[in-house]
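Structure, as structure tokens:
The values are calculated or read from the model by the stated rules, or taken from the named source; none is laboratory data. Keep in mind it's a predicted model, so treat the numbers as computed, not measured. Heads up, the Cβs are rebuilt from the backbone with ideal geometry, glycines too, and the neighbour counts pull from every protein chain shown. For accessibility, only protein heavy atoms count, side chains too; no ligands or nucleic acids. Shrake-Rupley method; radii C 1.70, N 1.55, O 1.52, S 1.80 Å.
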Amino acid sequence: MARQKDTAPRRESMIVIGGGLGGLSTGCYARMNGYRTRIFEMHEIPGGSCTGWDRSDFTFDWCISWLLGNGPGNEMYQIWLELGALQGKEMRHFDVFNIVRGRDGREVRFYSDPDRLEAHLLGLSPADAAPIREFCAGIRTFRKALAAYPFLKPVGLMGRLERWRMLASFAPHFNTIRKSITLLMTDFSQRFRDPLLREAFNFILYEKHPAFPVLPFYFQLASHANHAAGVPEGGSLALARSIEERYLGLGGEITYNAKVEEILVERDRAVGVRLSDGREFRADIVVSAADGHTTVMKLLKGQYLNDTYRRLYTSLIDEPGQLSPGYVSLFLGLRKPFPEGDPCTTHLLGERETAELTGIRCPSVNVQFRTRHYPELAPENSTVVFATYFSDIAPWRALHEGPEQSSRVRRGEELHTLPVKHGREYMAAKRRVRNGIVGFLDERYPGFKDAVAVADVSTPLTQVRYTGVYDGTFPGWNPFVEGAETVEEEIKKSGPVLPGLSNFYLSGVWATIGGLIRAAAAGRHVMQFVCRDDGVEFTAGIDPSAPMPTHRVIPVGRPAEPGRPTVPQAAGKSAGKAAGNAGGPAGPGGRGGQGDESSEDSENVQTGALA
């Protein structure tokens with residue numbers, strides 16, 4: 001998009017489509033720069049995929065399992081403080097990022113501290129000293145490199161000198177970065193002789209990501225080791241509410257239960273939006289923080305696509321592996337404390353355990369004793385368990401009946417995320433997921449099944465219902481594959497715009513690659529393009545209205561002796577005591593990111609036990 005002519009009046013008003021983190025961030029930075037803003041959000045609450053919901057007296061937090069940038073020493077942290085996301089809260093950091101437990105009961109503890117990790121791995125397999133030392137050395141390098149990663153300014157707006165300075169800051173770490181971005185983790189893991197290590201390294205980031213090189217593993221563990229990838233007190237919805245409060249405090253407006261059906265265009269200029277109830281609203285600028293497919297193919301009816309965007313959204317988007325998969329999630333509210341439950345464990349499964357898990361992509365399930373993260377979200381002496389696995393949407397679509405979304409009027413107001421009837425086969429599949437995972441955990445934690453009081457299962461279709469996202473993907477384009485790289489190159493070259501359409505911008509996670517911090521950064525980036533186009537200087541500041549966040553490190557507990565299978569009943573007492581004393585009883589995401597997620601569509605079981 002060309003810059004505004006000097007003779008043209010400065011644009012003053014802006015409509016933002018979507019009240020997820022990308023939309024809220026865009027609104028905040030727009031208000032910091034003097035633009036009148038109004039956000040339209042389909043749901044009744046902010047956050048999009050960064051959400052949680054109540055069942056009985058439990059709150060189920062769907063998104064933040066770690067939040068990149070929630071500690072100092074990197075540019076990500078400044079963005080969260082500018083958005084008012086962290087102020088006045090405690091940031092919690094576990095000393096183990098994830099535990100991967102093999103089918104034989106052996107476990108690998110992926111400590112974020114590279115020295116502890118190296119000692120632990122060498123204890124498990126001295127014969128694998130070479131790849132172990134190489135991997136841990138890479139984490140040490142990335143701990144230093146994190147400060148150089150650019151988040152505050154888009155590369156597309158950097159001048160030649162700024163780019164040279166950025167590259168120069170990476171020079172001391174160049175070899176490690178170069179090697180780690182060209183080597184797939186699936187290939188690196190084959191260097192290990194120990195079969196458990198060979199498999200476990202692929203599951204460090206909870207699930208297996210076949211397209212990921214080694215670099216994101218270094219990045220996440222290094223951030224965690226620097227106390228910049230913990231969880232924020234209050235969880236995902238509280239984080240979104242904090243940013244909403246910042247936005248409203250800056251003078252922005254937000255309208256909920258407002259589903260945008262069309263972006264209004266006149267003479268190749270975006271001039272406003274039309275809602276599902278027929279109302280129209282106009283503004284000088286329209287920014288869409290909805291998912292990319294909805295934006296370009298539905299709201300804009302497939303117009304204004306160059307060859308790159310046409311291929312992205314008409315063919316490449318449906319090729320296997322281009323989008324991040326969806327999730328099946330099981331939440332359990334337990335009327336009993338389980339101090340032996342670790343904060344985060346990926347269990348590698350056999351055929352028997354996966355047989356009833358519809359849509360499962362790889363034989364594993366990530367289990368979090370979520371009250372270790374967020375004890376404030378459950379009653380005293382109780383536990384929330386959050387179990388997830390990567391899932392394709394197609395098997396769930398094959399089972400469901402009726403619409404995937406349905407807007408209905410209640411008490412004179414149109415609502416867009418109400419429950420829909422998916423049919424008996426769909427609900428039976430959800431029950432099989434619930435019973436299969438509960439049975440699996442009951443074998444490891446005696447009394448588990450009888451303690452279940454509340455259960456909720458969500459699928460990729462749940463994500464579609466609550467956010468409208470294409471195919472229930474989370475968070476969008478899969479990093480390190482063609483689609484993601486194409487998006488990055490197109491925005492670096494032309495900015496977050498569409499060819500031939502003026503006064504329109506893209507924001508949110510689909511205009512970048514990654515999880516919550518990328519969505520938040522996208523709002524900052526798009527406003528820098530808007531300010532450039534209007535010939536005004538971009539400005540942003542940290543919210544000073546609340547105290548700075550505090551930080552706490554929580555030990556996870558002692559591992560079993562190297563090579564010895566863990567026995568839950570025995571290991572739980574010692575490990576649970578250490579963890580309980582340090583971290584309280586028990587409490588997504590983003591899953592980086594990678595993590596943004598959705599509410600339940602809803603089989604809500606409230607019984608004393610599950611039969």
Original post:
Does region 373-380 include one or more residues that are assigned to a loop (DSSP other than H, G, I, E, B), farther than 27 Å from Glu44 by Cα and of a type in the set (D, E, K, R)?
Top reply: yes
**OP:** Confirm whether Leu67 is in a loop (DSSP other than H, G, I, E, B) and open to solvent by less than 30 Å² (accessible area, probe 1.4 Å).
**Re:** yes
Original post:
How many of the residues making up region 282-329 are within 29 Å of Pro210 (Cβ to Cβ), of a type outside the set (S, T, N, Q) and outside any loop (DSSP other than H, G, I, E, B)?
Top reply: 17
Subject >> Residues of region 266-285 satisfying the condition of being touching a Lys or Arg at 6+ places or on another chain (Cβ under 9 Å) and surrounded by 16 or more Cβ atoms within 10 Å (Cβ to Cβ) >> reply: Val271, Gly272, Val273, Leu275, Phe281, Ala283, Asp284, Ile285
Subject >> Filtered residues of region 359-373 (kept if out of contact with any Ser or Thr (no Cβ under 7 Å at 6 or more places or on another chain) and surrounded by fewer than 24 Cβ atoms within 10 Å (Cβ to Cβ)) >> reply: Cys362
Original post:
Are there any pairs, at least 6 apart or on different chains, whose C-beta atoms fall under 6 Å, with the first in region 168-195 and in a loop (DSSP other than H, G, I, E, B) and the second among the hydrophobic types (A, V, I, L, M, F, W, C) and surrounded by 14 or more Cβ atoms within 10 Å (Cβ to Cβ), and if so, which?
Top reply: Leu183/Val214
Original post:
Is it the case that region 179-194 has a residue that's open to solvent by less than 20 Å² (accessible area, probe 1.4 Å) and under 24 Å from the mean Cα position of the chain (by Cα)?
Top reply: yes
Original post:
Which numbered condition trips up Leu332, out of (1) closer than 30 Å to Ala455 by Cβ; (2) in contact with a Lys or Arg (Cβ under 7 Å, 6 or more places away or on another chain); (3) not in a loop (DSSP other than H, G, I, E, B)?
Top reply: (2)
Original post:
So which of Ser125, Ser56, Ser65 ends up being more than 29 Å from Ala455 (Cα to Cα) and either among the polar types (S, T, N, Q) or modelled with pLDDT under 95 (or both)?
Top reply: Ser125
Original post:
Which of the residues that make up region 245-264 are open to solvent by less than 20 Å² (accessible area, probe 1.4 Å), farther than 26 Å from Leu323 by Cβ and not in a loop (DSSP other than H, G, I, E, B)?
Top reply: Tyr247, Leu264
Original post:
Is there a residue being surrounded by fewer than 17 Cβ atoms within 10 Å (Cβ to Cβ) and outside any loop (DSSP other than H, G, I, E, B) anywhere in region 534-543?
Top reply: no
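Conditions (1) of a type in the set (D, E, K, R); (2) under 24 Å from Ala540 (Cβ atoms); (3) modelled with pLDDT under 95, marked per residue:
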residue: Gly500; (1), (2), (3): no, no, no
residue: Val509; (1), (2), (3): no, yes, yes
residue: Thr512; (1), (2), (3): no, yes, yes
residue: Gly523; (1), (2), (3): no, yes, no
residue: Val526; (1), (2), (3): no, yes, no
Subject >> Hits in region 356-372 - residues which are touching a Phe, Trp or Tyr at 6+ places or on another chain (Cβ under 8 Å) and assigned to a loop (DSSP other than H, G, I, E, B) >> reply: Leu357, Thr358, Gly359, Arg361, Cys362
Subject >> Residues located in region 467-497, provided they are open to solvent by less than 40 Å² (accessible area, probe 1.4 Å), farther than 26 Å from Lys208 by Cβ and not small (Gly, Ala, Ser) >> reply: Glu490, Ile491, Pro496, Val497
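How many residues, within region 159-175, are in contact with a helix residue (DSSP H, G or I) (Cβ under 6 Å, 6 or more places away or on another chain) and open to solvent by less than 40 Å² (accessible area, probe 1.4 Å)?
Qualifying residue count for the region: 2.
Quick check on my filter: what residues within region 186-220 are in contact with a strand residue (DSSP E or B) (Cβ under 6 Å, 6 or more places away or on another chain) and of a type outside the set (Ser, Thr, Tyr)?
Ala200, Phe203, Ile204, Glu207, Pro213
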